[in-house]
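Chemist: Below is one structure. I have some questions about it.
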Amino acid sequence: MTGPAPRPEVLRIAAYVGGESKLPGVNRVIKLSSNEGAFGVPPGAAEAFARVAQELHRYPDGGSTELRRAIGRRFGLDPERIVCGTGSDELIQHLCHIYGGPGTEIVMSMHGFTMYQIAGTYAGSRVLKTPERNLTADVDAMLGAVSAATRLVFLANPNNPTGSLLPRAEVERLRRALPSDVLLVLDAAYAEYVERADYEPGIALVDAGDNTVMLRTFSKVFGLGGMRVGWAYAPAGVVDVLNRVRGVFNVNIAAQAAAVAALAEPGWVERSRAHNAEWRARLGAALTDAGIKVWPSEGNFLLADFDTVARAEAANAWLRARGIIVRGMAAYDLPHCLRITVGNAEECALVADALAAFMAEARTHG
Ligand SMILES: *Cc1c(COP(=O)(O)O)cnc(C)c1O
């Protein structure tokens, strides 16, 4: 007997594997595998979550009105041009289905965020991955892959998992050279961590035309990965179609309340950014001292390069045996690397010490 057959392209998708959070036999796990904020949940968000418990019988506001207003105030944006989603993942999926589909192509860079490939393939598009330079998206290579069939170009900036960033001028050059009917999606999930002056998350390009979208998330600096809230800042035409197809009540009542409260948490982003800048540098220096190559990162994570697959796997096993979970990078075609989230001070020290010991052991025993 044969069951119902899915569309063939669905079976070409490798299911997304999230960062692990448990290790057998280990009570206290140090989880540095999903780039969650180093400080946990903003206290005000936890309080808002508890308060909303008495209202769980109510449907949420399907338009996330208060949340969009709060985002608009915080970032100086028109709430009418904001669409909230069940994480930015939901919005990535919808954009692929709205603008992509069979016979169309989507362009992303080689080590770009893998969700674009999953969502694009699901939509029926062909997803083209273009070569990078120094693990950084190459605008010319991306432009070279654009054809008459191209409908979307995805750029995570900064990129996960490489941490690399394209300066504002390069992103503008990409937009200028793309055909006007190609949607450029700028995924700025890590925007708050960036300290470089030549960076722009995408707001200016969204405002400058009708074919660029910026995506943001509450899952990283705002410490709400478990709540699933992301948002798009988009031209009116894109807002209109996203609102036609998104889940009607896509952002649940607790998620909306927690996100509004997270935005109101005094000093949260500033403290998180300062902590990240300090500990990203300290962790990077410690790994470099231990003899591990570390790629420059503008996010809240570092890509540690062990040169060989065997050494990266041995390092991963070594960390796991000590209760530390980082992210293996085989799914990103970087099997010789591990991605390590910048955690709190203690977590950074633990992972740095463990990897220094690993490298010392590797030197002694080959
Ligand atoms: C973490 C991350 C997101 C956020 O996804 P959510 O669905 O909002 O949790 C989006 N893009 C990139 C590049 C990320 O690393």
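Chemist: Taking H placed 1.01 Å from N in the peptide plane, check which residues at least 5 places from ILE324 or on another chain put their amide H under 5 Å from its amide H.
Modeler: Those lying under 5 Å, H to H, from ILE324 are ILE30.
Chemist: Okay, next question. Restricting to bridges with both residues inside the chain, how much of the DSSP beta-bridge set is antiparallel, in percent to the nearest 5?
Modeler: 50 percent
Chemist: For the range 173-241, which trypsin sites (Lys or Arg not before Pro) are in a loop by DSSP, counting at most 11 other Cβ atoms within 10 Å?
Modeler: Answer in residue order: ARG196.
Chemist: Moving to a separate point now. What order do you get for PHE113, PHE249 when you list them from fewest to most C-beta neighbours inside 10 Å?
Modeler: Listed from fewest to most nearby Cβ atoms, that is PHE249, PHE113.
Chemist: Still on this structure, I have one more. Can you give me the span-like helices of the chain, meaning DSSP H runs with 27 Å or more of Cα extent along the axis and Kyte-Doolittle mean at or above -0.5?
Modeler: Span-like helices here: 345-365.
Chemist: Right, here's the next one. Could you list which residues have their amide H under 5 Å from that of SER109, counting only those 5 or more apart in sequence or on another chain, with H placed in the peptide plane?
Modeler: For SER109, whose amide H was placed from the backbone, the distant partners under 5 Å are THR130.
Chemist: Please compute the net charge surrounding ALA119, taking Lys and Arg as +1 and Asp and Glu as -1 over other residues with Cβ under 11 Å from its Cβ.
Modeler: Computed value for this residue: -2.
Chemist: Please give the Cα centre distance for the range 107-157 versus the range 160-218, rounded to the nearest Å.
Modeler: 14 Å
Chemist: Calculate the dipole size of the chain relative to its Cα centre from +1 charges on Lys and Arg beta carbons and -1 charges on Asp and Glu beta carbons; express the result in debye to the nearest 20.
Modeler: Here the chain has a charge dipole of around 540 debye.
Chemist: Rounded, prolate or oblate for the range 32-90? Axes are the square roots of the Cα gyration tensor eigenvalues, ordered a ≥ b ≥ c, and the cut-off for rounded is a/c under 1.5.
Modeler: Since a/c reaches 1.5 but b/c is at least a/b, the shape of the range 32-90 is classed as oblate.
Chemist: Taking the Cβ of each residue in VAL17, VAL309 as the centre, tally the other Cβ atoms inside 10 Å and list the residues starting with the fewest.
Modeler: Placing the least packed residue first, the sequence is VAL17, VAL309.
Chemist: Separate question: How big is the equivalent ellipsoid of the chain along its three axes, where each semi-axis is √(5λ) from the Cα gyration tensor, reported in whole Å from largest to smallest?
Modeler: Semi-axes (√(5λ), whole Å): 32, 26, 21.
Chemist: If you don't mind, another one. How do THR104, THR2, THR150 rank when sorted from fewest to most other Cβ atoms within 10 Å of their own Cβ?
Modeler: With the fewest neighbours first, THR104, THR2, THR150 line up as THR2, THR104, THR150.
Chemist: Using a ≥ b ≥ c from the Cα gyration tensor of the range 1-129 (square roots of the eigenvalues), is it rounded, prolate or oblate, where a/c under 1.5 gives rounded and otherwise the larger of a/b and b/c decides, a/b for prolate?
Modeler: Oblate is the answer for the range 1-129, as a/c is 1.5 or above yet b/c matches or exceeds a/b.
Taken together, the values in this text are just the output of simple stated rules run on the coordinates, not laboratory data. All values derive from a computational prediction rather than experimental measurement. Quick reminder, even Gly has a Cβ in these numbers, built from the backbone with ideal geometry, and neighbours come from all protein chains shown.
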